[in-house]
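The values are calculated or read from the model by the stated rules, or taken from the named source; none is laboratory data. This structure is a prediction, so every number in the text was calculated from the model and none was measured. Positions of Cβ are backbone-derived with ideal geometry, glycine not excepted, and every protein chain shown enters the neighbour counts.
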Amino acid sequence: SPSHYVLHPGGLVLRGRLSYLICAFDNDHSKIIYLPLHRFSGIQILEDNSALKNQKVQTLAKGLLGFKVSDEKIKVSLKFSKMAGSHLSETPLSPNQKLTLTKDGFIKIEDVVTDNMELRFWIRAFGDSVEVLKPVKLREEFKQISNRMKKLYE
């Protein structure tokens, strides 16, 4: 059943095929949340005076849609098959990315990135065409995931 909320909009963020409203509830302007627009059945504009009116959506959404694991940045080293990693020369993770071709025909990417779930989802999307080399903690996470997946398919 539908719920009714009074929200203070800050902006819209497009993430893949989904759009999200970055906003705050009327009773707590300090807690910024995001709501998927496809879940809305309708809106009514009450006034044109959002508590978030003069704030930048980039600032409001920072870290919000990345499913933060920590505030830390981590140095990753990833080994891609040539086919899976070739796009990273044209669309790097960041301007500081280091791309090298390995002697055994793979593409090695090193960069400092935000430690969040979005990073994990992105790596997982490459399946067995990528290997996490560093950091050791992230490599262990992927080792555990692959062991659980192996058990599912035995």
- Note on the structure: Residues of the stretch 1-29 being more than 18 Å from residue 59 (Cβ to Cβ), not in a loop (DSSP other than H, G, I, E, B) and not hydrophobic (A, V, I, L, M, F, W, C), in sequence order, are 19
- Could you say whether any residue in the stretch 96-117 is under 24 Å from residue 13 (Cβ atoms), surrounded by 14 or more Cβ atoms within 10 Å (Cβ to Cβ), out of contact with any Phe, Trp or Tyr (no Cβ under 9 Å at 6 or more places or on another chain) and in contact (Cβ under 8 Å) with a residue 60 or more places away in the chain? no
- Of all residues in the stretch 117-154, which are under 12 Å from residue 76 (Cα atoms) and either assigned to a helix (DSSP H, G or I) or of a type in the set (S, T, N, Q) (or both)? 119, 120, 123, 136, 137, 138, 139
- Unique match (being of a type in the set (Gly, Ala, Ser) and modelled with pLDDT under 95) among 81, 70, 77: 70
